[in-house]
Amino acid sequence: MSKIRVEGLKYRYPDMDKLVLDNLNFEVEKGAFIGIIGENTAGKSTLCYALTGLVPNFFKGAYGGTILIDDLDEISDVTRKVGLVFDQPFSQMTGSKTTVYEEIAFGLENSGVEREEMRIRIDESLRLMDIEHLQNKNPYDLSGGQMQRVAIASVLAMKPDVIVLDEPTSQLDPKGSDEVFQVITKLAKSGITIIMAEHKLEKLAEYASKILLLHKGKQIAFGSPEEVFSRDDILEYGIAPPVYTRIAKAVKPKTQAGFYPVTMKDLMQQWNVGDK
Ligand SMILES: Nc1ncnc2c1ncn2[C@@H]1O[C@H](COP(=O)(O)OP(=O)(O)O)[C@@H](O)[C@H]1O
Ligand SMILES: [Mg+2]
């Protein structure tokens with residue numbers, strides 16, 4: 001079973017004097033969808049790098065605590081099992097391949113996956129990302145949303161246990177953003193563990209099982225979207241809660257459980273409106 005346990009994680013970039021990750025402690029169950037939120041410079045990207053081993057292996061710096069995956073804490077195991085998708089799809093393309101198919105094949109070729117197995121994995125990734133029809137196109141002729149789906153497909157084909165996405169839709173227009181969220185939802189349903197830094201809280205409210213709120217490198221909260229978005233002090237951390245939560249906050253007291261609704265569905269249910 002693939003479970004991630006982060007214990008006392010601390011990190012400081014080389015030659016910097018302040019901790020960028022300051023004592024993080026949380027656990028992620030297999031198949032969970034975790035949203036990482038926080039204002040700019042909160043440490044979201046750095047945490048994504050730590051989860052994939054880039055911190056401290058690539059960025060160096062001072063590191064403390066442990067990240068245990070399946071109770072293995074060797075970074076080589078971590079990097080093997082965790083795939084990372086960056087915010088900028090363009091920068092993730094190899095730059096040397098002329099078709100989407102070859103682009104996705106690149107990582108597999110490098111890790112010596114057999115031809116037949118390679119074909120199966122690429123077909124599966126293309127299907128999951130809804131890009132079968134693009135497989136013979138040049139990656140650089142694609143839209144941002146399509147390119148990001150190719151980037152995710154390339155990561156998926158490596159069969160990671162966990163996929164970490166660092167604001168994968170921040171560089172995309174609304175259409176591209178929707179396309180990417182749609183395939184991420186599909187991924188979540190497929191049972192793969194997803195950890196995603198994201199600004200679009202309405203989307204996280206809908207899909208995330210838990211939210212990790214960071215502020216200046218510190219872990220402020222780790223709980224359900226209802227629990228975290230209902231916090232009365234959330235604005236202090238530079239977070240405007242989802243629009244449905246704001247509406248509910250403005251006009252109604254909290255629910256019996258002490259939380260505000262976070263999605264339109266929840267809000268309508270609480271107010272007994274809509275389909276019966
Ligand atoms: N390569 C780096 N070297 C030094 N400091 C960095 C580096 N990358 C990020 N930082 C600093 O680390 C802090 C957290 O940054 P980051 O993880 O990018 O936050 P977020 O993704 O939440 O915006 C910021 O203060 C940022 O300036
Ligand atoms: Mg970032």
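Taking only protein heavy atoms into account and a 1.4 Å probe, give the accessible area per residue of the chain in Å².
Result: 48 Å² of accessible area for each residue.
Starting from the amide H of W271, placed 1.01 Å from N in the peptide plane, find each other amide H under 5 Å away whose residue is 5 or more places distant or on another chain.
HN-HN under 5 Å from W271: empty list.
Just to be sure I understand: with springs between alpha-carbon atoms less than 10 Å apart, which residue in T245, T41, T66 has the highest mean-square fluctuation in the Gaussian network model of the chain?
Among T245, T41, T66, the largest GNM mean-square fluctuation belongs to T41.
Consider just the alpha-carbon atoms of the stretch 1-136 and return their Rg together with their Dmax, both in angstrom.
Cα only, the stretch 1-136: 17.3, 50 Å (Rg, Dmax).
Ranked from highest to lowest mean number of other Cβ atoms within 10 Å per residue, what is the order of the peptides 254-262, 164-172?
Most protected by this proxy first, the peptides run 164-172, 254-262.
Round to the nearest 10 and give me the degree value, 0 to 90, for the angle of helix 144-157's Cα axis relative to the longest principal axis of the chain.
70 degrees
Just tell me the longest site-free run in the chain, where the sites are GluC sites (Glu not before Pro) in a DSSP loop having at most 12 other beta-carbon atoms within 10 Å.
Looking at the chain, 115-276 is the longest stretch - no exposed GluC sites (Glu not before Pro) with at most 12 other Cβ atoms within 10 Å.
Percent of accessible area on the chain owned by carbon and sulfur, 1.4 Å probe?
50 percent
What Rg and what Dmax come out for the chain when only alpha-carbon atoms are used, in angstroms?
19.4, 60
Figure the gain on full extension for K186 and D141 (residue separation times 0.36 nm, minus the Cα-Cα span) and round it to one decimal in nm.
Separation in residues times 0.36 nm, less the Cα-Cα distance, equals 13.7 nm.
More than 18 Å apart: what percent of Cα pairs in the stretch 1-66 qualify?
Summing the P(r) tail past 18 Å for the stretch 1-66 gives 35 percent.
The values are calculated or read from the model by the stated rules, or taken from the named source; none is laboratory data. Since we're looking at a predicted model, the values are computed, not measured. All Cβ positions, even for glycine, are placed from backbone atoms using ideal geometry, and neighbour counts span all protein chains on display. Remember, those area values only see protein heavy atoms, side chains included, never the ligands or the DNA or RNA. Shrake-Rupley method; radii C 1.70, N 1.55, O 1.52, S 1.80 Å.
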